[in-house]
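Only one structure is covered here, and it is reproduced in the block below.
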Amino acid sequence: MDPAYASAIAALAGSAIGGLTSLITLLLTRRSEFRAQQLTHNISRREDLYKDFIVEASKLYADAYVNNSTEPANLVTLVSLLEMMRVISAHAVVERADQVVQGIIRTYQAPNKTFVEVEKFLEGDSVSPLKEFSKACRSELRGFS
């Protein structure tokens, strides 16, 4: 084989390999960026869901402390948030959210409380009604990092 041809073929092969390497690197980088974006979106979606649940549950707890009954329609938003968690959240989070809903229902059935009674319930060694749910959410979200 003519040395000029060998040189030309070697140059073309080197260019092809270099171009292919650049293409593969670009594809891997894009894939990695896409996964990072998906993870960020997934975490953000869960954070929003958990925040909405906490806000709604807090409102219902406050209402349950001073009222003995509620319209079932008032629980619809909370239950729908719980069902969304069943689709995307870890079992521990769903279990704690379910306990919160059951706690709200029990609180509606219990005698009304005064502000002083509620304050005593929430301070000191007693457990906040949403504390275990919040812990489970934090644990799940830390697992993504």
Quiz item: Is there any pair linking a residue in the stretch 55-78 that is closer than 14 Å to Ala110 by Cα to one that is at pLDDT below 90 and among the β-branched types (Val, Ile, Thr), with Cβ under 6 Å and at least six apart or on different chains, and which?
Solution: Ala64/Thr107; Tyr65/Val118
Practice problem: Restricting attention to helices (runs of 4 or more DSSP H) lying wholly within the stretch 49-142, give those where 2 or more residues are modelled with pLDDT of 90 or more. | Solution: 76-88, 91-109, 131-142
Exercise. Would you check if Ala90 is in contact (Cβ under 8 Å) with a residue 40 or more places away in the chain, closer than 26 Å to Lys131 by Cβ, under 19 Å from the mean Cα position of the chain (by Cα) and surrounded by 14 or more Cβ atoms within 10 Å (Cβ to Cβ)?
Key: yes
Quiz item: Can you tell me which residues in the stretch 59-87 are under 17 Å from Ala136 (Cα atoms) and surrounded by 14 or more Cβ atoms within 10 Å (Cβ to Cβ)?
Solution: Leu81, Leu82, Met84, Met85
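The values are calculated or read from the model by the stated rules, or taken from the named source; none is laboratory data. What you see is a predicted model; the values in this text were computed from it and never measured. Don't worry about glycine lacking a Cβ; one is built from the backbone with ideal geometry, like all the others, and counts go over all protein chains shown.
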